[in-house]
Amino acid sequence: TDRFGHQSSRFVDSVDLVSPYTKFYRLAEHFNPNFQKTLMIGGGAYVFPQYYLKAYPQASIDVVEIDPELTKLAKECFSLPDDPRLHIIHQDGRSYLNQNQEKYDVVLMDAFNSISIPPQLTTKEAVRKIAGSLTPEGVVLVNVISAVSGPRSAFFQAEYATYQSVFPQVLAFAVNRPDLPEMAQNIMIVALKSPSKPSLESSSPDIQAFLQNISWPQLEAEKGILTDDYAPVDYYMSQILL
């Protein structure tokens, strides 16, 4: 265990994070190492929340999942434990953000895991709500499926620009092939509430490997930002299938 109460890398490596993109949520350790409280929007199979409970014994996590049946399935089939550090809220993610009064050190967005994306979570208004839910050194990590550039990059380009319109520091990490920016893949957008320039060096070999996947997108101005009045995410995502 390190000085923040996080488990050693040997322990971390023994926890099974099957999907490569879920490993990139560990970048929260680098960009806000003192985190104590996390919000995750989209529970999925609750793989990362289970990892979180084991890897960060001094931290708690709130998970907002719209479908209680997924939570039931995770408990029945994936050994999701009852834990006082895990608080599950069955609610639409945007509705939760709209009324939330809590402050989080980390927000993890895992609601964009297919070509069907809830547009109400992609917009500038939603991103402002996320920013308002963060502590001053807070960080949000957003998993998107898109390309960094080229004909399949429309959703990433628009979402990246949307986060840039709210946060002073926004980075992107191509999960699978940073050398192939036109390939559709998982991309982790990392937005920092602090204006201080972050370090891209880590003494942890696995975190450093994630940091080396950084992408420097050249945004296409015509995509613009997403708003509650204009968020054509279904159209953007349909281009990935072309």
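List the pairs from 37/193; 129/193; 103/129; 37/124; 23/54 whose alpha-carbon separation is above 22 Å, in the order I gave them. 37/124, as the Cα separations exceed 22 Å there.
The alpha carbon radius of gyration of the range 114-241, expressed as a multiple of 2.2 N^0.38 Å, is 1.03. Each peptide among 133-145, 92-104 gets the average number of other Cβ atoms lying within 10 Å of its residues, and from highest to lowest they stand as 133-145, 92-104.
Let me know the shape class of the range 10-147, please: from the alpha-carbon gyration tensor, a ≥ b ≥ c as square roots of the eigenvalues, rounded when a/c is under 1.5, otherwise prolate if a/b is greater than b/c, or oblate. Since a/c stays below 1.5, the shape of the range 10-147 is classed as rounded. Report note on the peptides 73-85, 41-53: ranked by the mean count of other C-beta atoms within 10 Å, highest first, their order is 41-53, 73-85. Among residues other than residue 37 with Cβ under 10 Å from its Cβ, the summed charge is -1 (Lys and Arg +1, Asp and Glu -1).
Each peptide in 63-72, 202-211 was scored by the mean count of other Cβ atoms within 10 Å over its residues; highest first, the order is 63-72, 202-211. Of interest is the spacing of the C-alpha centroids, which for the range 165-214 and the range 70-90 amounts to 29 Å. For the range 106-242, the solvent-accessible area with a 1.4 angstrom probe is 43 square angstrom per residue. Across all C-alpha atoms in the chain, the radius of gyration and Dmax reach 16.9, 48 Å. Put the Cα centre of the range 100-134 next to the Cα centre of the range 43-67 and the gap is 16 Å. Apply 1/(1 + (r/R0)^6) to the Cβ-Cβ distance of residue 241 and residue 206, taking R0 = 30 Å, and write down the FRET efficiency to the nearest 0.05. Rounded to the nearest 0.05, the efficiency is 0.35.
In this simple spin-label model, placing a label point 7 Å from the Cα along the Cα-to-Cβ direction at both residue 218 and residue 18 gives a separation of 3.9 nm.
The values are calculated or read from the model by the stated rules, or taken from the named source; none is laboratory data. For clarity, every value in this text was computed on a predicted model and none was experimentally measured. Quick reminder, even Gly has a Cβ in these numbers, built from the backbone with ideal geometry, and neighbours come from all protein chains shown. In case anyone asks, the SASA skips ligands and DNA or RNA and just uses the protein heavy atoms, side chains included. Shrake-Rupley method; radii C 1.70, N 1.55, O 1.52, S 1.80 Å.
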